[in-house]
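The values are calculated or read from the model by the stated rules, or taken from the named source; none is laboratory data. On a predicted model such as this, the values are computed, not experimentally measured, just so you know. When we count neighbours, we look across all protein chains shown, and the Cβ atoms used for this are built from the backbone with ideal geometry, even at glycine.
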């Protein structure tokens, strides 16, 4: 697998890696979904993980988000080894997952959805939470929907609310470390114009949050506009790792087949 460090066009400070995977394995029964993955992601990087459907891309995001614990191997986030689910951790790392589906709570208003974790933590009063929520809503172009319920919004607006939620920072995080933002198929099923709007939001959200990002996507424009480095996942393993510029012209058989949508190549349906 080709390695590409540091990312072209990005100043990467020599500090603790945001993500370190060492022989990370995730399996269901005897079936490895992820098989001995190795990855180092440095602060400031913007990654895209690509590959055919069912290759384990979303599973990687769930492991990074603390929704799954690796079966084998090691995962370090911000230098700390992860051995518990996120809900079981007293001081979980600042990782924010934007789901493919907005995943909003229908019974709560937009303001309550965006400020849910702040309200639950009890560290801020209602006035401060309101101020933070409104600032995040304005950052994604939503100015007058705080009192509405998700069912009263269009699908595109619901998606933007989920981005606003990803901007909410934890006041207990006093060390100023950058968050890791994870985007799971953020533009799947959208028309080209809607894709552009969401891609702009990915770039803006990551910048406003002063974070680094990993995007899982099949959409060419999303990959090229939101990432500087690309990893190709197939058959539970990484087969290529390089810059976005290399990705556009690489002759690697996995990358070329994915990029061109060819039926000929090493990636074949599981039932073949």
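Among strands (runs of 3 or more DSSP E) entirely within the range 174-272, having at least 3 residues that are over 30 Å from residue 156 (Cα atoms) singles out 237-243. The residues of the range 88-119 that are within 24 Å of residue 16 (Cβ to Cβ) and surrounded by fewer than 14 Cβ atoms within 10 Å (Cβ to Cβ), listed by number, are 88, 89, 90, 91.
Each row is one residue, and each column tells you yes or no for (1) out of contact with any strand residue (DSSP E or B) (no Cβ under 9 Å at 6 or more places or on another chain); (2) farther than 13 Å from residue 39 by Cβ.
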{"residue": "217", "(1), (2)": "no, yes"}
{"residue": "220", "(1), (2)": "yes, yes"}
{"residue": "226", "(1), (2)": "no, yes"}
{"residue": "230", "(1), (2)": "no, no"}
{"residue": "237", "(1), (2)": "no, no"}
{"residue": "243", "(1), (2)": "no, yes"}
{"residue": "248", "(1), (2)": "yes, yes"}
{"residue": "253", "(1), (2)": "no, yes"}
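Within the range 177-215, the set of residues being in contact with a strand residue (DSSP E or B) (Cβ under 7 Å, 6 or more places away or on another chain) and over 27 Å from residue 40 (Cβ atoms) is empty.
Residues that are within 17 Å of residue 219 (Cβ to Cβ) and touching a strand residue (DSSP E or B) at 6+ places or on another chain (Cβ under 8 Å) within the range 48-63 comprise 48, 49, 50, 51, 52, 55, 57, 58, 61, listed in sequence order.
Taking strands (runs of 3 or more DSSP E) as the structural unit, no element lying wholly within the range 45-163 holds at least 2 residues that are modelled with pLDDT of 95 or more, at positive phi and in contact with a helix residue (DSSP H, G or I) (Cβ under 8 Å, 6 or more places away or on another chain). For the range 175-197, residues that are buried (at least 21 other Cβ atoms within 10 Å of the Cβ) and farther than 22 Å from residue 39 by Cα total 2.
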